[in-house]
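Asks: The structure follows.
The values are calculated or read from the model by the stated rules, or taken from the named source; none is laboratory data. Fair warning: this is a prediction, and the values are worked out from it, not measured in the lab. Virtual Cβ from ideal backbone geometry, glycine too; neighbours counted across all protein chains shown. The area values use the complete protein model at the heavy-atom level, side chains included, leaving out ligands, DNA and RNA. Shrake-Rupley method; radii C 1.70, N 1.55, O 1.52, S 1.80 Å.
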Amino acid sequence: SVLPDGLVELVAVYVARGRQRSGIGGRLLSGSLDVLWRAGVSAVEVSALASNVPARAFYELNGATFVRFAEVDEGGERLAGVVYHWTAPT
């Protein structure tokens, strides 16, 4: 979803368990970010559950910066989450 000031919210990156750690998630994320940067998007944010260590590691390994703690809506339940951020290259 597009937020104010050219910020895009990435909802999630999911890869089937059998394909995880194969590099496909990183390629999917990188390609998505490239398309967004070329479209003029200035920044992208994604949320993850604070307890989801693999997702957090994935975002950090792919250049995201931790921004803040926030609540995440998980099926109508509010849980502890974190927000990561990428800024468009200049």
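Asks: Please pick out the residue among V35, V8, V44 that is hydrophobic (A, V, I, L, M, F, W, C), modelled with pLDDT under 90 and out of contact with any Gly (no Cβ under 9 Å at 6 or more places or on another chain).
Replies: Testing whether each residue is hydrophobic (A, V, I, L, M, F, W, C), modelled with pLDDT under 90 and out of contact with any Gly (no Cβ under 9 Å at 6 or more places or on another chain) leaves just V8.
Asks: Return the residue satisfying two criteria in turn: it lies in segment 59-75 and is under 23 Å from D5 (Cβ atoms) and charged (D, E, K, R), and of such residues it is most open to solvent (accessible area, probe 1.4 Å).
Replies: Per the stated criteria, the residue is E71.
Asks: Which of (1) touching a residue at least 24 places away in the same chain (Cβ under 8 Å); (2) of a type in the set (A, V, I, L, M); (3) out of contact with any strand residue (DSSP E or B) (no Cβ under 6 Å at 6 or more places or on another chain) does I24 not meet, given it meets every other one?
Replies: (1)
Asks: Further question on the same structure: With (1) closer than 23 Å to L79 by Cβ; (2) over 10 Å from the mean Cα position of the chain (by Cα) as the list, and A12 as the residue in question, which single condition is left unmet?
Replies: Every listed condition holds for A12 apart from (2).
Asks: While we're on this one: Within segment 48-58, which residues are open to solvent by 50 Å² or more (accessible area, probe 1.4 Å) and either farther than 25 Å from F69 by Cβ or not in a helix (DSSP H, G or I) (or both)?
Replies: Within segment 48-58, S51, N52 qualify.
Asks: Among the residues of segment 76-90, count how many are open to solvent by 90 Å² or more (accessible area, probe 1.4 Å) and either assigned to a strand (DSSP E or B) or on the phi > 0 side of the Ramachandran plot (or both).
Replies: 3
Asks: I need the full set of residues from segment 33-44 which are more than 17 Å from V67 (Cβ to Cβ) and among the β-branched types (V, I, T), in order please.
Replies: Once the filter is applied, which keeps residues that are more than 17 Å from V67 (Cβ to Cβ) and among the β-branched types (V, I, T), segment 33-44 yields only V35.
Asks: Right, next: Out of all the residues in segment 5-32, which are open to solvent by less than 70 Å² (accessible area, probe 1.4 Å) and under 20 Å from R68 (Cβ atoms)? Quick ask: steps written out before the conclusion?
Replies: Taking segment 5-32 and keeping what is open to solvent by less than 70 Å² (accessible area, probe 1.4 Å), we get 6-8, 10, 12-13, 15-16, 22-26, 29-32.
G6, L7, V8, L10, A12, V13, listed by residue number.
Asks: Another one. Scan segment 56-71 residue by residue and report those that are farther than 20 Å from D34 by Cα and of a type in the set (D, E, K, R).
Replies: R56, R68, E71
Asks: Are there any pairs, at least 6 apart or on different chains, whose C-beta atoms fall under 8 Å, with the first in segment 63-78 and more than 10 Å from S47 (Cα to Cα) and at pLDDT below 90 and the second open to solvent by 90 Å² or more (accessible area, probe 1.4 Å) and outside any strand (DSSP E or B), and if so, which?
Replies: none
Asks: Condition check: open to solvent by less than 60 Å² (accessible area, probe 1.4 Å), under 25 Å from G6 (Cβ atoms), out of contact with any Pro (no Cβ under 6 Å at 6 or more places or on another chain) and in contact (Cβ under 8 Å) with a residue 12 or more places away in the chain. Does E45 satisfy that?
Replies: On the way: open to solvent by less than 60 Å² (accessible area, probe 1.4 Å): yes; under 25 Å from G6 (Cβ atoms): yes; out of contact with any Pro (no Cβ under 6 Å at 6 or more places or on another chain): yes; in contact (Cβ under 8 Å) with a residue 12 or more places away in the chain: yes.
Taking the combined requirement at face value, the residue satisfies it.
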